[in-house]
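First comes the structure, then the notes that go with it.
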Amino acid sequence: MPLTIRPALPADLAALVEWNASMAWETEHKKLDLATLTRGVNGVFEQAQRGFYLVAERDGEPVGSLLVTREWSDWRCGDFWWVQSVYVVPAARRAGVFRALYAEVEQRAAQSGAVGLRLYVETENRHAQATYEGLGMQRCHYFMYEMPLPA
């Protein structure tokens, strides 16, 4: 069955929230606050400069999604596109859904003049790392640091 990749719509909000919550639980055993998550996902629809979601459909049914955000690189005078919030429903995994989403991102990024694609992955998630390497991505030499700020 062929996949269709399309931009997410506000009507996809409930699925995107559910999938983000599921992804956080599956990958990090984190239970996200659904009200905050809903506002966060909706914030992408409210302000296009924050990024965009893509949705994969099979036979008209959504089966996966991802978020793209942009980061300016002064060194390269262009945007890196960050792939985030990747989720594929369990019944559709290992069936090319992420590969199709990624191919769409790669095509759109190239057309926009982006300088590269980036993503981060849990250090223990070897399966995802192998998937990304299979798509031609390379592990880079940076570590990620974070400092949460008070709300």
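When you go through 83, 88, 63, 115 one by one, which is the residue that is closer than 14 Å to residue 8 by Cα and either open to solvent by 70 Å² or more (accessible area, probe 1.4 Å) or of a type in the set (Val, Ile, Thr) (or both)?
It is 63.
Does residue 79 meet the test of being modelled with pLDDT of 95 or more, in contact with a Ser or Thr (Cβ under 9 Å, 6 or more places away or on another chain) and more than 19 Å from residue 23 (Cβ to Cβ)?
When the stated conditions are applied, residue 79 passes them.
From the list 71, 124, 146, which residue is acidic (Asp, Glu) and in contact with a strand residue (DSSP E or B) (Cβ under 9 Å, 6 or more places away or on another chain)?
71
From the residues in region 13-25 that are open to solvent by less than 90 Å² (accessible area, probe 1.4 Å) and free of Cβ contacts under 8 Å to residues at least 24 places away in the same chain, which one is farthest from residue 90 (Cα to Cα)?
Only one residue fits best here, namely 14.
The values are calculated or read from the model by the stated rules, or taken from the named source; none is laboratory data. Bear in mind that the values here come from a model prediction, so they are computed numbers and not experimental data. Virtual Cβ from ideal backbone geometry, glycine too; neighbours counted across all protein chains shown. The accessibility values were calculated without ligands, DNA or RNA, using every heavy atom of the protein model including side chains. Shrake-Rupley method; radii C 1.70, N 1.55, O 1.52, S 1.80 Å.
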